[in-house]
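Chemist: First, the structure itself, so that you have it in front of you.
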Amino acid sequence: MILENTPTNLKGELSRWLIEPKSGVFIGNPSARIRDRLWQKAIEKCKNGGVLQIWTTHSPQGFSYRYYGKLSRQIVDIEGIALVSIPIKNANEKSKTQLNPKCQSDEKSDNISCG
């Protein structure tokens, strides 16, 4: 399960059944019954956040998923294949992070050149 902007007490409840290798990311292999109960708890306590649950199945991709609420990324089904959709930032929003000090940004064309 992946949680975004959810109450901390929900994380505590999930950590009883799953491990949390990164903040908001929970991994485990609970039974289908426990997985469904954890899902119900998550959507009840989600408030204004979002929850994504992924588990293994005998499907072409090897997993199934469900999500609830507002997430920064969505899973989109295209012809039976799950793909991740990442929203594009508004063209007027400029990234304030520069990964390489040798890189220069061209304000007019939004091109970045390094070297």
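The values are calculated or read from the model by the stated rules, or taken from the named source; none is laboratory data. Small disclaimer: the values here were computed from a predicted structure and weren't measured. Note: ideal-geometry Cβ built from the backbone for every residue, glycine included; neighbour counts use all protein chains shown.
Chemist: Does the stretch 28-61 hold any residues that are exposed (fewer than 15 other Cβ atoms within 10 Å of the Cβ) and in contact with a Leu (Cβ under 6 Å, 6 or more places away or on another chain), and which are they?
Modeler: none
Chemist: Report, ordered by the first and then the second residue, all pairs with beta carbons closer than 6 Å, sequence separation of six or more or different chains, a first member in the stretch 15-26 that is closer than 11 Å to ILE2 by Cα, and a second member that is hydrophobic (A, V, I, L, M, F, W, C) and part of a loop (DSSP other than H, G, I, E, B).
Modeler: Listed pairs, sorted by first residue: PHE26/MET1; PHE26/LEU18.
Chemist: Can I ask one more? Restricting the stretch 1-27 to residues that are under 13 Å from the mean Cα position of the chain (by Cα) and either polar (S, T, N, Q) or part of a helix (DSSP H, G or I) (or both), which is surrounded by the fewest Cβ atoms within 10 Å (Cβ to Cβ)?
Modeler: Looking at residues that are under 13 Å from the mean Cα position of the chain (by Cα) and either polar (S, T, N, Q) or part of a helix (DSSP H, G or I) (or both), I get SER23.
Chemist: Being over 14 Å from MET1 (Cβ atoms) and modelled with pLDDT of 95 or more narrows it down to one residue among SER59, SER72, SER31; which is it?
Modeler: Numbers: SER59 fails: modelled with pLDDT of 95 or more; SER72 fails: modelled with pLDDT of 95 or more.
Sole residue among the options that is over 14 Å from MET1 (Cβ atoms) and modelled with pLDDT of 95 or more: SER31.
Chemist: If you don't mind, there's one more thing I want to ask. Which condition does GLY69 not pass, out of (1) more than 15 Å from the chain's Cα centre (by Cα); (2) buried (at least 16 other Cβ atoms within 10 Å of the Cβ); (3) under 23 Å from ILE81 (Cα atoms); (4) of a type outside the set (A, V, I, L, M), if it passes all the others?
Modeler: Among (1) more than 15 Å from the chain's Cα centre (by Cα); (2) buried (at least 16 other Cβ atoms within 10 Å of the Cβ); (3) under 23 Å from ILE81 (Cα atoms); (4) of a type outside the set (A, V, I, L, M), the lone unmet condition for GLY69 is (1).
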